[in-house]
1. Quickly rank 25-31, 75-81 as a protection proxy: mean count of other C-beta atoms within 10 Å, highest first.
2. What are the radius of gyration and Dmax of region 44-107, computed over its Cα atoms and given in Å?
3. Kirkwood Rh over Cα pairs of region 1-85 into Stokes-Einstein at 4 °C, 1.567 mPa s: D in µm²/s?
4. Count neighbours as other Cβ atoms within 10 Å of each site's Cβ, and list the chymotrypsin sites (Phe, Trp or Tyr not before Pro) in region 73-138 that are DSSP loop with at most 15 such neighbours.
5. For Rg and Dmax of the Cα atoms in Å, several values are listed as [x] 15.3, 53; [y] 19.9, 56; [z] 17.5, 60; flag the one computed from this structure.
6. So between Phe27 and Lys55, what do we pick up on full extension, going 0.36 nm a residue minus the alpha carbon distance?
7. In percent, how large is the relative contact order of the chain, given Cα pairs closer than 8 Å and 6 or more residues apart?
8. Output the relative contact order of region 27-95, whole-number percent, from Cα pairs under 8 angstrom with separation of 6+ residues.
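Read the figures in this text as sums done on the coordinates, not as results from a lab. Being a predicted model, the structure only gives us computed values, none of them experimental. Reconstructed Cβ throughout: ideal geometry from the backbone, glycine too, with neighbour counts over all protein chains shown.
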Amino acid sequence: MTFDSDPDKGRSPEARRDHAESLFRKFFPKWIPLLESTRSGEILQTDIWDLKRLKAWSSDRICLIGDAAHATTPNLGQGGAMAVEDAYSLTDTVEKMGFNWKAFERYEKQRREKVDWTVSTSRNIGRMCHLKNPVLRSLRNVVLRRMLSNGGEKQIRKMYSID
């Protein structure tokens, strides 16, 4: 579950449980028994930080993939998928060109457009999901319903295709 919260500053397990319970009661009342069967110490808070875009994913004989190269917020659930696609693309490029900086540059060039699109789309969805203004939230809901009924397939195809 992702929600707005102050960064964890040593919140006790009981405080995390109380916070989780308030969210479950509001948004997931059917799942309260699951929460009740979970020990307080097993409820974690992992803060999310948005990272700046790296200028390059490689230097000399070092090449980054996945979150190391292009961390993304979890709003699309694509972090792991992008890492696998990176590994496939980098392996393919190194097999064709050898283990060298030109192969690293080509791999990045092949992946950059899709990765940048996915990262920025996820960031924008996160911003929309966490709007505080009730009027903007209502407008967002109308727009999202219309978008999903009229053209969501195009975005889904882009996300799940491998170039």
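1. Values: 25-31: 9.7, 75-81: 15.4.
Descending mean neighbour count gives 75-81, 25-31.
2. For region 44-107, the Cα-based Rg and Dmax read 13.4, 44 Å.
3. Numbers: Rh = 15.7 Å.
After rounding, the answer is 83 µm²/s.
4. Details: sites: Tyr88, Phe99, Trp101, Phe104, Tyr107, Trp117; in loops: Phe99.
In loop regions of region 73-138 (DSSP not H, G, I, E or B), the sparsely surrounded chymotrypsin sites (Phe, Trp or Tyr not before Pro) are Phe99.
5. Recomputing Rg and Dmax of the Cα atoms in Å here picks out [y].
6. Working: separation 28, 0.36 × 28 = 10.08 nm, distance 3.95 nm.
Difference between extended and current length: 6.1 nm.
7. Computed value for the chain: 18 percent relative contact order.
8. Numbers: 30 pairs, mean separation 15.2, N = 69.
It rounds to 22 percent for region 27-95.
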